[in-house]
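Take a look at the structure set out below.
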Amino acid sequence: MAAKTKKAIVDVKKQFEKIAEQFQTFQILNEEGEVVNEAAMPDLTDDQLKELMRRMVYTRILDQRSISLNRQGRLGFYAPTAGQEASQIASHFALEKEDFVLPGYRDVPQLIWHGLPLYQAFLFSRGHFHGNQFPEDMNALSPQIIIGAQYVQTAGVALGIKKRGEKSVAITYTGDGGASQGDFYEGINFAGAFKAPAIFIVQNNRFAISTPVEKQSAARTIAQKAVAAGIPGIQVDGMDALAVYAAVREARERAVNGEGPTLIETLTFRYGPHTMAGDDPTRYRAKEEENEWEKKDPLVRFRKFLEAKGIWNEEEENKAIEQAKEDIKEAIKKADEYPKQKVTDLMNNMYETMPYNLQEQYEIYTEKESK
């Protein structure tokens, strides 16, 4: 007797295809800076569009100068940001001053535009404690070094915002590698369960240090991971400033209206190494891939759009560049002149009452530093 053909309980192929259909990449500007989604155009004035471009240009110059300063030994830890300006700056541009920013270590630009003085950003890179002493009216935490840990923190901050009845949100950032961490799932699940006003951004720059995103997860998109947490998810062209702005602005509106968190995956690319601490991207990235992503440069795309509208030109861009250079020059000078951090500063900042086993060391360093 021939064996019966057993029908599969789950049509896996159909299931995956149905999921993929729901997570098509959201885009407003194509690579030529042309509007391809008029209905989704955000309501921004010409002045606001120019300011967004100015901030992106400024941030690109800041990245270039920071790399140079790092190579000169004048900065410490630094994670390059070129290529991610639309993802970082346009997302922040969609926020309000009262919103709470919880960045990863590559997200110092968002802190600067949220109110962190530039010289303090340089001190943070050097490991100086004053780099983490934020202005009182600045709602943010220090850049998280532990991969993905900021997602759990954001869920907590967002729940606090909800309990206080405040009309603001907590926003956080990680990379594609962060989306493979347990903290990522715990954070979005907790926030979803309590409908906390949070925005979770995954900047998918293709490589978690050196591991291609395709080897990190079997999921076709990171955005679809939102489904398991019962929250909205969207994949956005992360090289398109207008698309990023529109997605984050809508997520913010839902959050402050009590509709809970959103997971946003921005498809982007870092042009430089993972960090300046010895990473060599040529060992794991093909030149052809880099060339392809350079054609999608967020500054070039947005510049074409603004020039077509007649509101941006070479003079405007040069003004932004010169302002950035001048600010950086003044900030690094101020950082250089700031009192050096001492070992006793570190100990005093760590302990209110010095443990007995460190008291002897403290006295030794106090004597050394007084000479």
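Just a few scattered comments:
- Dividing the C-alpha radius of gyration of the stretch 5-76 by 2.2 N^0.38 Å, with N its residue count, gives 2.03.
- Peptides 258-267, 235-244, 11-20, 57-66 ranked from most to least packed by the mean count of surrounding Cβ atoms within 10 Å: 235-244, 258-267, 57-66, 11-20.
- As an equivalent ellipsoid, the stretch 67-156 spans semi-axes of 21, 15, 14 angstrom, where each value is the square root of five times an eigenvalue of the C-alpha gyration tensor, largest first.
- For the stretch 207-271: rounded, prolate or oblate by the Cα gyration tensor [a/c cutoff 1.5]: oblate
- For the stretch 1-133, a Kirkwood hydrodynamic radius built from all Cα pairs, placed in the Stokes-Einstein relation at 37 °C and 0.692 mPa s, yields a translational diffusion coefficient of 177 µm²/s.
- Highest GNM mean-square fluctuation among Thr211, Thr353, Thr154, for the chain modelled with Cα contacts below 10 Å: Thr353.
- The alpha carbons of the stretch 79-230 give a radius of gyration and a Dmax of 15.2, 43 Å, in that order.
- Membrane-span-like helices in the chain (whole DSSP H runs, Cα extent of at least 24 Å along the helix axis, mean Kyte-Doolittle hydropathy of at least -1.0): 46-71.
- Stokes-Einstein translational diffusion, the chain - Kirkwood Rh over all Cα pairs, 1.002 mPa s, 20 °C, in µm²/s: 97 µm²/s
- Tensor-based shape of the stretch 148-189 (alpha-carbon gyration tensor, a/c under 1.5 rounded, otherwise prolate or oblate): prolate
- Per residue Cα convex hull volume in Å³ - calculated over the stretch 149-220: 80 Å³
- Of all beta bridges that DSSP places with both ends in the chain, some 10 percent have antiparallel geometry.
- For the pair Glu369 and Ala218, label points projected 7 Å from Cα toward Cβ lie 5.4 nm apart.
- Put a dot 7 Å past the Cα of Gln133, heading toward its Cβ, do the same for Ile146, and the two dots end up 2.5 nm apart.
- Between the listed residues Pro339, Met354, Ala246, the Cα displaced farthest toward the positive end of the dipole of the chain, a dipole computed from Cβ unit charges relative to the Cα centre, is found at Met354.
- For q = 0.18, 0.24 Å⁻¹, Debye-computed log10 I/I(0) when each Cα of the stretch 170-260 counts as one equal scatterer: -0.81, -1.35
- Largest GNM mean-square fluctuation among Glu96, Glu21, Glu290, using the chain with Cα springs under 10 Å: Glu21.
Computed from the coordinates by the stated procedures, all read-outs in this text should not be read as laboratory data. Just so it is clear, the model here is predicted, and its values are computed rather than measured. Quick reminder, even Gly has a Cβ in these numbers, built from the backbone with ideal geometry, and neighbours come from all protein chains shown.
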